[in-house]
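Data first, discussion second: the structure below is written as structure tokens.
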Amino acid sequence: RSLSSTPQPTLRQPQQRPAPLAAWPSDAPPPTAFSALRTVAAVKPPRYVAVVGAVVIREPSAGTRKIQNPKTGRTYDVVMLTLVDHTGARVKAQLIGGKARECAKVLDGAGTGRVVIGLYGVMVQEKVPGKGSA
């Protein structure tokens, strides 16, 4: 047999994952599992944690939404996110002010497809009766 008649394996390039926009900050704690958040929420005083998940719902779909505090009259930029982890568990996150604007800018520039984000310095709250998740 000649070498030219030997079937050659087809080489496939491994799929390249996009590079993260930023490395995980050295001052951030390791991410907390979504399954542990209920336990963390029961701890007083409130603890701040880090979470990582894929964005499955974003409100508004672009930019931020303005809300006004009825007591103070101050207006804030808000972004509401629903994140899902590798188990399918979901968590809702509300970002306000500068953090909302910063998140919206990153998400608006991310294009289409699945976006995975990490948030740290997140205060965990239990579900508020009658108001959905907080």
Go through region 26-69 and count every residue that is aliphatic (A, V, I, L, M) and touching a helix residue (DSSP H, G or I) at 6+ places or on another chain (Cβ under 9 Å).
-> 4
Verdict on residue 117 being over 18 Å from the mean Cα position of the chain (by Cα), surrounded by 11 or more Cβ atoms within 10 Å (Cβ to Cβ) and either assigned to a helix (DSSP H, G or I) or β-branched (Val, Ile, Thr) (or both) | no
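Every read-out reported here was derived from the displayed coordinates using simple, explicitly stated rules and does not represent laboratory data. From a predicted model like this one, the values you see are computed outputs, not experimental measurements. Cβ: placed from backbone, ideal geometry, glycine included. Neighbour counts: every protein chain shown.
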